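The values are calculated or read from the model by the stated rules, or taken from the named source; none is laboratory data. Owing to the predicted nature of the structure, the values given are computational and were not obtained by experimental measurement. Neighbour counts run over all protein chains shown; Cβ positions are idealised from the backbone, glycine included. We work out accessible area using only protein heavy atoms, side chains counted, and drop any ligands, DNA or RNA first. Shrake-Rupley method; radii C 1.70, N 1.55, O 1.52, S 1.80 Å.
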Amino acid sequence: MVMWIASSAPAALVSVVSLAAMTLTGHGGSHPLEWGDGPLTVDSLPRVTYVAHRGGAREVPENSMSGLMAAYRRGTAQVLDFDTRVLRDGTPVVFHDATLNRTTFLGGEVRKLDAEEWKGVRLRPRDRLPGSWRSERPPTVEEVLDRLGGRILLMLELKDPAGLERVAGMIRARGLTRSVFVNTNDPRVADRVHRLGLPAQLWRSAEQMRTDRPERWRSFVDVLDVDVRARDADVRRAVRSGIPRVWAHTVVTPAQRDRALALGCDGVLTDAPGRLARYRTRVPGPVSSVTGR
């Protein structure tokens, strides 16, 4: 069941952004024109990587096309993160929660809608966000891949692992197999991602990290995503695991970033990439010259 949630703003003030007008594709409808000679891949990442978590959820409407595009244009992150769920008919969409209540004008479970009903969903931007944002439909995964795939590295978190094969097919069809990290909290799903030929990312909470043995995952995990609240010893164990990249989540302040980098992480997921870009890192050693950009 889908329920309407009352809004304090008059309905007349809610304008809808057409995602169709924002999509720019090539002759086959699958490749962005901006690719040029080919898409960006993981090989293009700098030594210290900044990821806009949900597009930068303290600066833009989370998991929205306008928010992802704003984060891309600002250039304060090299990777854009977004969450995915699966509708009743199997359509993968960009959304974090299991229900619509927190971020839209509707209520009810995401998985009970189909693609046609999804067209009626409208995001409700938070009042505390800087700037002025319009209401818009949450995009589908296909729309984000068509709009931003190849132009910037993407990180796709699977909230519904059952949708992995379909998402993997979309990524492969667009030639983005080295351009999209697929993120999960489950090592078994990360192994499946790896077997499908995609870069696998595994995130872990501070509590999980207390007993993790991350060296067990180095054969199939490309990025280990560690909780910035974890103990120093647990972060260092992750850094020494042999996994190629270790990034910290979810970073908000320069001090959190600097601690993660000092402990050996080589990337951060942040809700505030613009804020971090304004503050140089203060870490002894080679990374001290790195800025938030």
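Observations
- Alpha-carbon spread of the stretch 33-89, three principal axes, descending order, Å: 36, 29, 20
- Across LYS119, LYS159, the residue with the most accessible area heads the list, and the full order at a 1.4 Å probe is LYS119, LYS159.
- Here the Karplus relation 6.51 cos²θ - 1.76 cosθ + 1.60, evaluated at θ = phi - 60°, turns the backbone of the stretch 165-175 into coupling constants of 4, 5, 5, 4, x, 5, 5, 5, 4, 9, x Hz, with x for every Gly and Pro.
- Heavy-atom accessible area ranking, 1.4 Å probe, most first, across TRP203, TRP118, TRP217: TRP203, TRP217, TRP118
- Taking max minus min of the alpha-carbon positions on each principal axis, the stretch 123-180 gives extents of 37, 26, 15 Å, largest first.
- Relative intensity of the stretch 88-203 on a log10 scale, I(q)/I(0) at q = 0.14 Å⁻¹, equals -0.64, per a Debye sum over C-alpha point scatterers of equal strength in the absence of solvent.
- Semi-axis lengths, largest first, of the ellipsoid equivalent to the stretch 145-293 are 26, 20, 12 Å, with √(5λ) applied to each eigenvalue of the Cα gyration tensor.
- The residues of the stretch 142-293 expose, per residue, 42 Å² of accessible area to a 1.4 Å probe.
- Per-q log10 I(q)/I(0), the stretch 182-223, q = 0.28 Å⁻¹ (Debye; single scatterer per alpha-carbon; no solvent): -0.95
- Equivalent ellipsoid semi-axes, the stretch 95-144, via Cα gyration tensor eigenvalues times 5, rooted, Å: 20, 13, 9
- Amide H to amide H distances under 5 Å link THR140 with VAL94, where only residues 5 or more positions off or on other chains count and H is placed in the peptide plane.
- The distance linking the stretch 36-74 with the stretch 200-269 is 20 Å (Cα centroid to Cα centroid, whole angstrom).
- Distance histogram for the stretch 40-154 (every C-alpha pair counted, 10 angstrom bins, percent rounded to whole numbers): 14, 46, 30, 9, 0
- Seen from GLU215, the other residues with C-beta closer than 11 Å to its C-beta sum to a net charge of +4, counting Lys and Arg as +1 and Asp and Glu as -1.
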